[in-house]
Amino acid sequence: MPKTKTLPGVFDTHATPHAYEALTPDVVLDALADLGLAVDGRLTALSSYENRVYQVMLDDDQALVAKFYRPERWRDAQILEEHAFAAELMAAEVPMVGPLSFAGKTLHHAHGFAFSVSPRRGGRPPELDDPEVLEWIGRFIARMHNVGAQAAFTQRPALDVHTFGHASRDWLVQHTIIPLDQQRAWLSMCDQAIAIAQEKIDAHPAASLRLHGDCHPGNILWTPTDLPNGGPHFVDLDDARMGPAVQDLWMLVSGDRAQRTQQLSMLLDGYEQMRELSRSELALIEPLRTLRLIHYSAWLARRRDDPAFVQHFSWFGSSDYWAGQIHMLEEQCEAMQEPPLWV
């Protein structure tokens with residue numbers, strides 16, 4: 001059945017069923033049992049939207065995590081490149097929870113889904129107002145970057161003006177996502193923001209390395225330091241890509257300029273114990289923030305047919321949403337023209 005045409009930004013409950021609607025508990029449990037895992041039927045959906053992630057219990061009460069990748073987002077070669085990076089990090093004793101291997105493979109397929117299985121390791125969000133925590137996270141990210149700089153991704157995309165800026169803008173336009181009453185103003189401001197971002201990035205060239213790529217506080221888990229392997233860790237690298245090192249730092253700072261400067265200083269105190277960071281990269285923070293803002297709107301729009309979209313993003317797509325985006329892009333154009341943070 002063909003998709004029903006809808007207005008931009010409106011979720012269509014009568015569209016062609018999304019692939020995730022076929023991912024029932026029985027499908028998940030059967031896929032894991034086919035790997036030889038003694039699943040006992042206890043299955044808990046974990047907080048995840050981009051992929052579908054489940055805690056599964058085995059007969060011996062061991063807990064594992066099964067991650068079913070969003071269909072058509074990554075090719076197998078791109079997922080395997082992520083898995084290989086995780087293995088490199090673990091071999092270097094960087095705290096990373098990578099996928100387990102079954103029959104010599106970390107990526108598996110069942111019922112049209114690609115999936116992997118990892119050990120279960122919990123944690124809580126880090127206390128980013130604690131200077132010692134920020135310094136520790138800085139060391140952790142530097143250790144990850146030391147491994148990331150040893151080779152390059154060949155399958156996964158880069159974080160640059162084209163992929164996050166132009167490609168996102170063009171996709172939104174081609175798919176008539178932006179309401180007509182906001183389209184001209186958004187396009188004008190988006191083009192202006194992309195041009196300034198390109199200018200700043202060209203003026204401050206930075207080496208590109210393998211990154212986590214989406215290093216915000218929600219993607220770092222912290223375990224008590226009095227436990228074995230306590231401290232920060234990542235549980236996956238779903239957004240790993242090539243880009244400048246500062247990309248994995250700027251999303252961990254917030255507040256006014258003085259607060260961000262202080263937080264960044266603490267992160268760099270830890271980072272530079274393990275790895276040097278060129279201060280010229282700090283000029284890329286606002287351009288990278290701008291590109292992420294544009295990319296995020298396209299990321300949301302591409303997922304409007306997901307059955308869980310309305311639950312998570314009911315606010316997306318309205319005229320008010322795009323008016324807010326125009327305002328934020330205006331602010332980013334101003335921020336990119338200000339002197340960069342300097343610590």
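The values are calculated or read from the model by the stated rules, or taken from the named source; none is laboratory data. Predicted, not measured: the structure shown is a model, and the values here were computed from it. Cβ coordinates were reconstructed from backbone atoms using ideal geometry, including for glycine residues, and neighbour counts include every protein chain displayed.
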Would you confirm whether or not the stretch 14-22 contains a residue that is among the hydrophobic types (A, V, I, L, M, F, W, C), over 11 Å from residue 307 (Cα atoms), modelled with pLDDT under 95 and out of contact with any His (no Cβ under 8 Å at 6 or more places or on another chain)? no
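Could you grab me the full set of residues in the stretch 255-273 that are among the hydroxyl-bearing types (Ser, Thr, Tyr) and more than 14 Å from residue 137 (Cβ to Cβ)?
Hit for the stretch 255-273 is 261, nothing else.
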In the stretch 156-180, how many are closer than 17 Å to residue 329 by Cα and basic (Lys, Arg)? 1
Please state which of the following conditions residue 162 fails to meet, knowing it meets all the rest: (1) touching a helix residue (DSSP H, G or I) at 6+ places or on another chain (Cβ under 6 Å); (2) under 17 Å from residue 242 (Cβ atoms); (3) at pLDDT 95 or above. (1)
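Only one of 72, 132 is surrounded by fewer than 13 Cβ atoms within 10 Å (Cβ to Cβ) and in a helix (DSSP H, G or I). Can you tell me which?
None of the other options fit; the residue is 132.
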May I ask you to list the residues in the stretch 146-163 that are touching a Leu at 6+ places or on another chain (Cβ under 6 Å) and not β-branched (Val, Ile, Thr)? 148, 149
Could you please tell me which pairs satisfy a Cβ distance under 9 Å, a separation of 6+ or placement on different chains, a first residue in the stretch 115-136 that is farther than 12 Å from residue 231 by Cβ and touching a residue at least 24 places away in the same chain (Cβ under 8 Å), and a second residue that is crowded, with 18+ Cβ neighbours inside 10 Å and of a type in the set (Lys, Arg)? 115/52; 115/67; 116/67; 117/67; 118/67
Could you tell me how many of the residues in the stretch 186-221 are in a helix (DSSP H, G or I) and surrounded by fewer than 17 Cβ atoms within 10 Å (Cβ to Cβ)? 10
Tell me, please, whether a residue that is out of contact with any Phe, Trp or Tyr (no Cβ under 6 Å at 6 or more places or on another chain), surrounded by 20 or more Cβ atoms within 10 Å (Cβ to Cβ) and in a strand (DSSP E or B) can be found in the stretch 76-95. no
Can you name every residue in the stretch 228-272 that is without any contact (Cβ under 8 Å) to a residue 24 or more places away in the chain and in a helix (DSSP H, G or I)? 258, 259, 262
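Mind telling me which of the residues 288, 237 ends up being buried (at least 20 other Cβ atoms within 10 Å of the Cβ), in contact with a Phe, Trp or Tyr (Cβ under 7 Å, 6 or more places away or on another chain), under 29 Å from residue 74 (Cα atoms) and at pLDDT below 95?
Criteria check complete, one pass: 237.
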Out of 40, 61, report the one residue that is out of contact with any Gly (no Cβ under 6 Å at 6 or more places or on another chain), surrounded by fewer than 19 Cβ atoms within 10 Å (Cβ to Cβ), free of Cβ contacts under 8 Å to residues at least 40 places away in the same chain and part of a loop (DSSP other than H, G, I, E, B). 61
